[in-house]
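Participant: Below you will find the structure I want to go over with you.
The values are calculated or read from the model by the stated rules, or taken from the named source; none is laboratory data. As the structure is a prediction and not an experimental result, all values here were calculated from the model. We place every Cβ from the backbone using ideal geometry, glycine too, and count neighbours over all the protein chains shown. For accessibility, only protein heavy atoms count, side chains too; no ligands or nucleic acids. Shrake-Rupley method; radii C 1.70, N 1.55, O 1.52, S 1.80 Å.
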Amino acid sequence: EMEPTLEDGKMVLEAWTRAINKHTARRAQTVLSTMEKLHASKKTTVKPDLECYRHVLLAMSRSRVPTVGHNIPRLLKSMEDNQLSPDTFCFDAAIETLKNCARHSKSDDAEKYARATEGMLLRMELQRERDSESVIEPSAVTYTNVIQALAARKTAKAAERAGELLTKMEKEYAWDEEDEEGGNESMRPTRDSYVGVIHAHGNSDAEDKYARANDILQRMIAQHAGGNEEARPDVCSFHAVIRACSRTVEATSSPEKHREALLLAISTVQHMKKSESHRPNAKSYLLLLQCCANLLPSGSVECEKALSSIFRSCRKDGLVNRQVLKQFQSTVSTEAYHREVVRDAPTYDGIKSLPETWTRSLGYRPRTRSGTDGDGMVTEKRNPIISVGGEVIGSTAYNDHRMRRRWEKKNQKVLQGGRS
């Protein structure tokens, strides 16, 4: 009378899919393994069904533990032994698990998991072609997960393969009036599909990685212009191209290639400035400063001039934050830093700080503090104030704001069911 039922097992497994900690996947697998062993030893008539395996695979796909993926083959083999055929959901969850392992593992393991995602996709495609009534149907989600896994391999071949998968998605999604085929809505490429391929090129060892990454971005822009809202570029899409430019130094030592990559990075930020939907932010300028430092000879006059020009553009846009300031300080000479930042800096509470106009576009809410300057005039200052050394100058208003933010986050966590 006290024997657990199949519904009891499903309820426990489903609960583990909703838990948020690093042990959830392992514990879900333990529950399933216990159910399998009890049934195999004929101690119970309860036999895990397809839904049980779905719950376990879902828990594994939500895990960020880099070793969880090595149990995927055993799990799928167990399904076959129990005369259960994995459906699209099972394959998608398995591929997402392997993708997460590839992205969070070291190079050798990342290569292994990335290859495993390709193998799983091939298995899906073969099973779909073998049986016209098969419930296996790879979608844009499937291909995007494989693309993101391929980015972890960091080779030109992997980037090319990612590009092939993206092309296949575009072809199946587009409607060909002449051949009267295509128009598969489930294969609609998304923003993650394109950014995944850009990252794959950026991580590769190809000398022209920056140009290939930019080509994918242009395809993304064209896809969105053609009516695909899911492919709308965002700021991170442009940042991925700038990163690819910055990493050109890892693939080639050619000064010409370095200059081409730097010019592309600068033109990418210029394009962002002309846009209404993806304007550059502080991160954009930080990446551009890093790109310039990587691609131009360190300490050269050309490099220092380029860095100073980028920093002036950043402060003109009001986007100088602590990270940008620290990056600029670490890559230019002391004389250049003093000339561009320290020399004409105003004083706040006896400390040289950045002018308010340099930080006006960072997105801080206006919080003012009244004070009196040397001439007896009442002044108002925006918080936080950043010193020329890159430190935040504390004030009562800013400290109160930080405390309110901490309490808001704590209260949000309590409302979401987390610990207080």
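Participant: Can you tell me which residue within segment 42-61, out of those that are farther than 14 Å from Asn82 by Cβ and modelled with pLDDT of 95 or more, is most open to solvent (accessible area, probe 1.4 Å)?
Facilitator: Leu58
Participant: Another question about this same structure. Just one of the numbered conditions (1) crowded, with 20+ Cβ neighbours inside 10 Å; (2) at pLDDT below 95 is not true of Ser254; which one?
Facilitator: Ser254 satisfies all of (1) crowded, with 20+ Cβ neighbours inside 10 Å; (2) at pLDDT below 95 except (1).
Participant: Starting from segment 216-240, keep only residues that are closer than 19 Å to Cys291 by Cβ, then list their pairs with residues that are of a type in the set (Ser, Thr, Tyr) whose Cβ atoms are within a distance under 6 Å, requiring at least 6 positions of separation or different chains.
Facilitator: That search, which allows pairs on different chains as well, returns Ile216/Tyr194; Phe238/Thr268.
Participant: Here is a follow-up. Could you name every one of the helices (runs of 4 or more DSSP H) located completely within segment 289-357 that has at least 2 residues being β-branched (Val, Ile, Thr)?
Facilitator: Numbers: elements: 301-316, 322-331, 334-337.
Per the criteria, 301-316, 322-331.
Participant: Related question: Name the pairs: first residue in segment 183-203 and free of Cβ contacts under 8 Å to residues at least 24 places away in the same chain, second residue among the basic types (Lys, Arg) and part of a helix (DSSP H, G or I), Cβ to Cβ under 8 Å, at least 6 apart or on different chains?
Facilitator: Once the first residue is free of Cβ contacts under 8 Å to residues at least 24 places away in the same chain and sits in segment 183-203, no partner that is among the basic types (Lys, Arg) and part of a helix (DSSP H, G or I) comes close enough.
Participant: Within the set of pairs 6 or more residues apart or between chains, which connect a residue that is within 19 Å of Ser63 (Cβ to Cβ) inside segment 3-19 to a residue that is open to solvent by 70 Å² or more (accessible area, probe 1.4 Å) and not polar (S, T, N, Q) with Cβ atoms less than 6 Å apart?
Facilitator: From residues that are within 19 Å of Ser63 (Cβ to Cβ), the pairs are Trp16/Arg27.
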